[in-house]
Each structure stands twice: as structure tokens, then as C-alpha cells.
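J.: Could you have a look at this structure, given as C-alpha cells, before my questions?
The values are calculated or read from the model by the stated rules, or taken from the named source; none is laboratory data. Here the structure is a predicted model, which is why all the values come from computation and not from measurement. As a convention, Cβ positions derive from the backbone with ideal geometry for all residues, glycine included, and neighbour counts pool all protein chains shown.
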């Protein structure tokens with residue numbers, strides 16, 4: 001499923017695509033068995049960890065689709081609609097230095113994707129891919145719901161707003177990543 005989705009997405013000429021799968025996702029209760037609620041950040045590495053067959057299937061499909069055994073695999077949790085940094089309801093406008101396959105497992109998130117521009121030379125919050133930036137044109141808005149999968153190519157400008165509490169899993173192939181943005 002993911003292999004066909006990625007092939008079609010890349011052939012479309014767009015730098016991002018959404019697969020509305022509505023496939024079964026792990027329950028909140030399951031996520032809380034693998035999530036350390038005492039952590040200060042909301043990004044939890046799943047590399048080298050044991051988890052259920054549904055998550056393993058997603059990872060194996062992603063490895064096959066990207067043909068990449070060098071990857072980062074992690075989940076995001078949003079307590080009270082917050083994600084990444086405390087007291088922010090999502091992520092600010094930025095672009096990532098690698099492709100991303102984002103699987104929305106629980107809750108809903110609004111994504112804005114489009115053409116942006118960096119407005120300063122500095123980085124924000126010590127993150128190498130977060131800049132002061134602005135949209136150059138009206139972005140496309142996409143709502144991800146449980147089961148939906150979003151693919152973004154390297155350098156796609158995007159921001160997110162969590163509409164509810166959420167859990168998501170991200171596969172980030174690293175062999176072709178970290179190119180100059």
C-alpha cells in the first residue's frame with residue numbers, strides 16, 4: 001500500500017500527498033504503554049524498541065517503499081493539544097531536511113503546506129531546520145485524521161496545528177536526507 005502510494009505521489013510532480021486510508025491504528029491505551037509521560041519533549045524514538053504488529057507493518061512497508069534501511073522512526077504525542085515544544089499547539093512554519101512519512105494514528109491535525117521563505121539567518125529553538133519564515137502564497141490546508149498518511153519531499157514548507165490530542169508515527173528515511181535546503 002505505502003509503496004504504491006509513494007510511487008504515485010512522486011510521479012504526480014507534487015512535493016507532498018495524502019493517503020486517506022482510514023486503516024486501523026493503535027489505541028490510546030496502547031500508545032501510553034510505550035510512551036514515557038515524564039519526558040519534556042514529545043518526540044519518542046521507536047528505533048530498537050518493541051511494539052505491536054500494526055506499527056511494525058507500517059515500518060516495514062516504509063522501509064520497502066523508500067528502499068532505505070537507514071532511517072529515523074519515532075512517534076509524537078500531544079498532551080492537551082500540544083506538540084514538539086511546550087505551550088505550542090503544533091509546529092511553526094518550517095521545512096525538514098529529509099523526506100517524511102507521517103502516519104496520523106489518533107486525533108486530528110491541520111497541516112498547511114506550500115511555498116514559504118526564510119526571513120532570518122538564525123535558527124529557532126536550537127533546531128537546525130526551524131527558521132523565522134513566512135508564507136509567500138496561500139498554503140494548501142489538509143486535515144489528517146486517524147489512519148491518514150502524509151508524504152512530504154525534502155524541503156516542503158509546512159506548519160501544523162493540533163485540533164485534538166493526537167498520536168502520530170513518523171518514518172524518516174535518512175540515506176538521501178540532510179541535503180542543503
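J.: Specify the residue that is modelled with the highest pLDDT; the eligible residues are those in segment 49-77 that are over 21 Å from residue 99 (Cα atoms) and part of a loop (DSSP other than H, G, I, E, B).
T.: 52
J.: Additional query: Out of curiosity, is residue 37 under 16 Å from the mean Cα position of the chain (by Cα) and at pLDDT below 80?
T.: For residue 37, the condition - under 16 Å from the mean Cα position of the chain (by Cα) and at pLDDT below 80 - is not met.
J.: Take residues that are more than 12 Å from the chain's Cα centre (by Cα) and at pLDDT below 90 and tell me which of the strands (runs of 3 or more DSSP E) falling wholly in segment 104-181 contain 3 or more.
T.: 116-118, 133-135
J.: Separate question: Output the residue which, of all residues in segment 78-103 that are over 17 Å from residue 175 (Cβ atoms) and touching a helix residue (DSSP H, G or I) at 6+ places or on another chain (Cβ under 7 Å), is modelled with the highest pLDDT.
T.: Among residues in segment 78-103 that are over 17 Å from residue 175 (Cβ atoms) and touching a helix residue (DSSP H, G or I) at 6+ places or on another chain (Cβ under 7 Å), the one modelled with the highest pLDDT is 103.
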